[in-house]
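**Student:** Once you've had a glance at the structure underneath, I'll fire off some questions.
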Amino acid sequence: MSDRQKIIAPSLLAADYGALREDTLRAVQSGADWIHVDIMDGHFVPNISYGAELVKAIRPHTDLFLDSHLMCSKPEILIESFAKAGTDGITIHAELGESAHDTLRDIRALGLRAGVAINPPSDISIVEPFLSEIDLLLVMTVNPGFGGQSFIQEMLEKVRTVRDWRTSRDFNYIIQVDGGVGMQNCSLCAQAGADCFVSGTALFGQHDMTKAILEMRNQVNFVS
């Protein structure tokens, strides 16, 4: 079990789009550590969410780390606008191939944390070339593009693999999981090596979000 600080990151993809400011404040006041923002371009994934203007709109209402996950085919054209909007970190996809190296470099040059994500169908080996360039490694536990999907338990093996790489190769990246993460599986993710738990429906879907975040925090902090 990792003794790293565990990070609970509610995903705005599951928030009320008509009340994003209010739901952001609700997450902040309920004890969230980060706010996770899912950016979908309708090309890399078959859906469209929102853009840098959302980050700009919520930035004045919280000092929490704003974690922007760009599920986009050309993230390089977006990173500067997200930096200006006030994001703290940007994650792009390993599936983009060699071009991701330059984009990760540019993200860090803007003073942001840089992350790389991997989708369920992809072999874990595709993230290896990026390990020395990242602050965060996101293992998607659903196929990206839609909220409310069921957790793919087989992805826990990928979490274990990147945890072992981190230890054996002396890296320091945060291991993040996103997709169907809730009370029934967050402790399994922690046991496998995850440090950061992105959760949408399991948190925003609860009447008492403070209680839900506390329950998740207790589960991931006290795994055997």
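No lab work stands behind these numbers, since they all come straight from the coordinates. Remember, predicted model here, so these are calculated numbers, not experimental data. For neighbour counting, all protein chains shown are included, and Cβ atoms are generated from backbone atoms with ideal geometry for every residue, glycine included.
**Student:** How would THR161, THR210 line up from fewest to most surrounding beta-carbon atoms within 10 angstrom? Don't skip to the answer; put the middle values down first.
**Tutor:** Working: THR161 17, THR210 14.
Ordered by Cβ neighbours within 10 Å, fewest first: THR210, THR161.
**Student:** Let's see if you can work this out: charge +1 on each Lys and Arg Cβ, -1 on each Asp and Glu Cβ, no other charges. What is the dipole magnitude of the chain about its Cα centre, in debye to the nearest 20?
**Tutor:** Value, rounded to 20: 400 debye.
**Student:** Where does the chain land at 222 nm, in deg cm²/dmol rounded to the nearest 500, when only DSSP H runs of n ≥ 4 count, each adding -39500 (n - 2.57), divided by all residues?
**Tutor:** The helix-only estimate for the chain comes to -9000 deg cm²/dmol at 222 nm.
**Student:** Which of the peptides 66-74, 167-175, 54-62 is most tightly packed, and how do the rest follow, judged by the mean count of other Cβ atoms within 10 Å per residue?
**Tutor:** The most tightly packed comes first, giving 66-74, 54-62, 167-175.
**Student:** Rg and Dmax of the chain, using alpha carbons, in Å: what are they?
**Tutor:** 15.9, 46
**Student:** So for THR87, THR24, fewest C-beta neighbours within 10 Å to most, what's the order?
**Tutor:** THR24, THR87
**Student:** Work from the charge dipole of the chain (Cβ charges, +1 for Lys and Arg, -1 for Asp and Glu, about the Cα centre) and give the residue of GLY42, THR24, SER81 farthest towards its positive end.
**Tutor:** So the residue furthest toward the plus end is THR24.
**Student:** Same structure, new question: Separation between the LYS84 and LEU131 pseudo-spin-labels, each 7 Å from Cα along Cα→Cβ, expressed in nm?
**Tutor:** 3.7 nm
**Student:** Between LEU110 and ASP170, with labels modelled 7 Å along Cα→Cβ, what's the label distance in nm to one decimal, could you check?
**Tutor:** 3.2 nm
**Student:** Let me ask something additional. Just to be sure I understand: of the beta bridges DSSP finds with both ends in the chain, what percent are antiparallel, rounded to 5?
**Tutor:** The answer is about 5 percent antiparallel.
**Student:** Oh, and also: If R0 is 25 Å, what FRET efficiency do you get for GLU53 and ASP208 from their C-beta distance, rounded to 0.05?
**Tutor:** Computed FRET efficiency for GLU53 and ASP208 comes out at 0.25.
**Student:** Ok, one more. Using a 7 Å offset from the Cα along the Cα-to-Cβ direction at both HIS101 and ARG4, what is the distance between the two label points in nm, to one decimal?
**Tutor:** 2.4 nm
**Student:** Could you name the lysines whose alpha carbon sits less than 29 Å from that of LYS158, not counting residues in the same chain fewer than 8 places away?
**Tutor:** Of all the lysines, those that pass the test against LYS158 - Cα under 29 Å, at least 8 places apart if same chain - are LYS6, LYS74.
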